[in-house]
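What follows is a set of notes on a single structure, which appears directly below.
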């Protein structure tokens, strides 16, 4: 087709309206332009990719020829994606739609390695964390993970958790609500909370009541040395 989009720039110039609008029409709840450009720059034909959620990103993965898995329960949006791609001459032969909620679908998928993962499905607790749990191990070392909607608490907490883990490296914040990470090492075992820096720090800062009670008990019994040592340890370990 003469007017078929062949680049991301062409898609962004006239994006399809794929999602339901609360007012009853359709709109485009798409990734930010920065995030879409990041995806565009880091995939190629044959890249093995997966996203939770769906939208213009799905069209981009198809346009670039990625071996892509799209996990979504939104059958209406999937039909609009299929229609748009058919009308625009964009092949979907490399795209596999897995219809269902990610917490149900991801555990059943073939654990083949992935080059890029986009977490942009459900945002209610604990869904983004579940998406990470079932995709992080499949991502190859050197592969990329994008967390979208970090302006929502669940996305922000996941971003900060991953950013504190030594197996991950923040590559870039993509606009105001997405972040990209690179996996730099395999995780050789499931981690307990005390091996997760973000959880340790959050637990230390969140237990002020317990700290106060323990400190007061030390002072009441005259254990000034322990109190001093604990205070010194806290100041030293404070992030």
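List of remarks:
- Scan of segment 39-56 for residues that are surrounded by fewer than 23 Cβ atoms within 10 Å (Cβ to Cβ) and either under 14 Å from residue 117 (Cβ atoms) or modelled with pLDDT under 95 (or both), ordered by number: 42, 43, 47, 48
- Any hit, segment 140-148, residues being surrounded by 14 or more Cβ atoms within 10 Å (Cβ to Cβ), under 15 Å from residue 187 (Cβ atoms) and over 8 Å from the mean Cα position of the chain (by Cα): yes
- Criterion (surrounded by 19 or more Cβ atoms within 10 Å (Cβ to Cβ), within 17 Å of the chain's Cα centre (by Cα) and in contact (Cβ under 8 Å) with a residue 12 or more places away in the chain) met by exactly one of 95, 59, 71, 77: 71
- Note on segment 103-122: among residues that are in contact with a strand residue (DSSP E or B) (Cβ under 6 Å, 6 or more places away or on another chain) and outside any strand (DSSP E or B), the one that is surrounded by the fewest Cβ atoms within 10 Å (Cβ to Cβ) is 113.
- Condition check for residue 65: surrounded by 14 or more Cβ atoms within 10 Å (Cβ to Cβ), at pLDDT 95 or above, assigned by TED's automatic domain parsing to the domain that holds residue 120 and under 19 Å from residue 39 (Cβ atoms): yes
- First in segment 16-35 and within 20 Å of residue 149 (Cβ to Cβ) and in the same structural domain as residue 172 (by TED's automatic domain parsing), second anywhere and at pLDDT below 85 and in a strand (DSSP E or B), Cβ under 6 Å, 6 or more apart: 17/27; 19/27; 21/27
- Residue count for segment 128-139 satisfying the condition of being surrounded by fewer than 22 Cβ atoms within 10 Å (Cβ to Cβ) and free of Cβ contacts under 8 Å to residues at least 40 places away in the same chain: 5.
- When residues in segment 34-54 are screened for being farther than 29 Å from residue 126 by Cβ and in contact with a helix residue (DSSP H, G or I) (Cβ under 8 Å, 6 or more places away or on another chain), 2 of them pass.
- Residue check for residue 150: at pLDDT 95 or above and closer than 19 Å to residue 116 by Cα: yes
- Among the residues listed as 175, 142, 163, 155, the single one being at pLDDT below 95 and assigned by TED's automatic domain parsing to the domain that holds residue 33: 175
- Under the condition of being modelled with pLDDT of 85 or more and over 17 Å from the mean Cα position of the chain (by Cα), the residues counted in segment 24-38 number 1.
- So residue 199, is it under 19 Å from residue 141 (Cβ atoms) and either modelled with pLDDT under 90 or surrounded by 10 or more Cβ atoms within 10 Å (Cβ to Cβ) (or both): no
- Taken together, the residues in segment 167-195 that are under 20 Å from residue 141 (Cβ atoms), touching a residue at least 24 places away in the same chain (Cβ under 8 Å) and in contact with a helix residue (DSSP H, G or I) (Cβ under 9 Å, 6 or more places away or on another chain) amount to 5.
- Looking only at residues in segment 7-19 that are over 24 Å from the mean Cα position of the chain (by Cα) and assigned to a loop (DSSP other than H, G, I, E, B), the one that is modelled with the lowest pLDDT is 14.
The values are calculated or read from the model by the stated rules, or taken from the named source; none is laboratory data. Source: prediction; values computed, not measured. Every residue, glycine as well, gets a Cβ built from its backbone with ideal geometry; the counts of neighbours run over all protein chains shown.
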